[in-house]
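Written below as structure tokens is the structure these notes are about.
The values are calculated or read from the model by the stated rules, or taken from the named source; none is laboratory data. Quick caveat: nothing in here was measured; it's all calculated off a predicted structure. Cβ coordinates were reconstructed from backbone atoms using ideal geometry, including for glycine residues, and neighbour counts include every protein chain displayed. These accessible areas exclude ligands, DNA and RNA; they are computed on the full protein's heavy atoms, side chains included. Shrake-Rupley method; radii C 1.70, N 1.55, O 1.52, S 1.80 Å.
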Amino acid sequence: MGRAADDFDPQARLQTKAGICVYLGHISGATYDAWCAKGLVPGPVRGTNRYDIRAHDLLLDRHAGVMKAAPALSPLEQWEAENARAA
């Protein structure tokens, strides 16, 4: 898995693992897996090998204590964010 900027598609909400690693600061896949095991990132969307940027932002914001001024998530988006790791 490469970590080039080409791996991240800024137009796509769902990213490959390489893409989400770039998004999260050019971390390695091993670092991502360690963060996932600690519950810091949600992992892939259930039943896929794609990673939701919004779910990552939401979980990281919660861990950082950041309050978003953005509109509330829809019930589906909230459920997806809360259940992203339960695969």
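Side notes on the structure shown:
- For the chain: accessible area per residue (Å², 1.4 Å): 63 Å²
- The charge dipole of segment 28-84, taken about its Cα centre with unit charges on the Cβ of Lys, Arg, Asp and Glu (plus for the first two, minus for the last two), comes to roughly 60 debye.
- If the chain linking residue 74 and residue 28 were pulled fully straight, counting 0.36 nm for each residue of separation and taking away their Cα-Cα distance, it would gain 13.4 nm.
- Think of it as helices only: each DSSP H run of n ≥ 4 in the chain is worth -39500 (n - 2.57), and spread over all residues that comes to -12000 deg cm²/dmol at 222 nm.
- Full-extension gain in nm, residue 82 to residue 50, via 0.36 nm per residue minus C-alpha separation: 9.9 nm
- Kirkwood estimate for the chain, i.e. one over the average of 1/r between Cα atoms, Å: 13.2 Å
- Selected from 37, 27, 16, residue furthest toward positive end of dipole (the chain; charges at beta carbon): 37
- Unit charges on C-beta of K, R, D, E only; dipole of segment 1-57, Debye: 180 debye
- Listed residues 60, 76, 24, most fluctuating in the chain (Gaussian network, C-alpha, under 10 Å): 76
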